[in-house]
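Single-structure report; data block below.
The numbers here are math on the coordinates, done by the rules we state, and not lab data. Predicted model, so just to flag it, every value in this text is computed and none were measured. Cβ sites come from the backbone with ideal geometry, for glycine too, and all protein chains shown count toward neighbours.
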Amino acid sequence: MNLFKKKTPPSTTNIVIPGSDPESRAIKLSNLDCPSCAIDLDLTLEELPGVTSAKTNYAKSEINISFDPKKITLQKIKSAIKSAGY
């Protein structure tokens, strides 16, 4: 038994909630200055109701976002990105 092996939590990205059809989009970003800014943006967007995940790729200046279109619109997500300065 390896006591030092890092345990990873089970993935929740494949959970499907009955009655919802999540959408995924890739959005190009500008003014992304550093990797920690990318993490901050992910955390900010994941707090929005209806956003299930946000993963920013700093090297590509792009964010991949999954959301429930019944709870939030893509326009509101883009508005939140602009409000955050990107």
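Things worth noting here:
- Summing charges over all other residues whose Cβ lies under 13 Å from the Cβ of D42, with Lys and Arg as +1 and Asp and Glu as -1, gives -3.
- Here the simple spin-label model places points 7 Å from the Cα toward Cβ, and for S24 and S36 these points are separated by 3.0 nm.
- D68, D33, D40 arranged by Cβ crowding within 10 Å, fewest neighbours leading: D33, D40, D68
- For the range 23-83, the Cα-based Rg and Dmax, in that order, read 10.6, 32 Å.
- Neighbourhood net charge (9 Å Cβ-Cβ; Lys/Arg +1, Asp/Glu -1) for D21: -1
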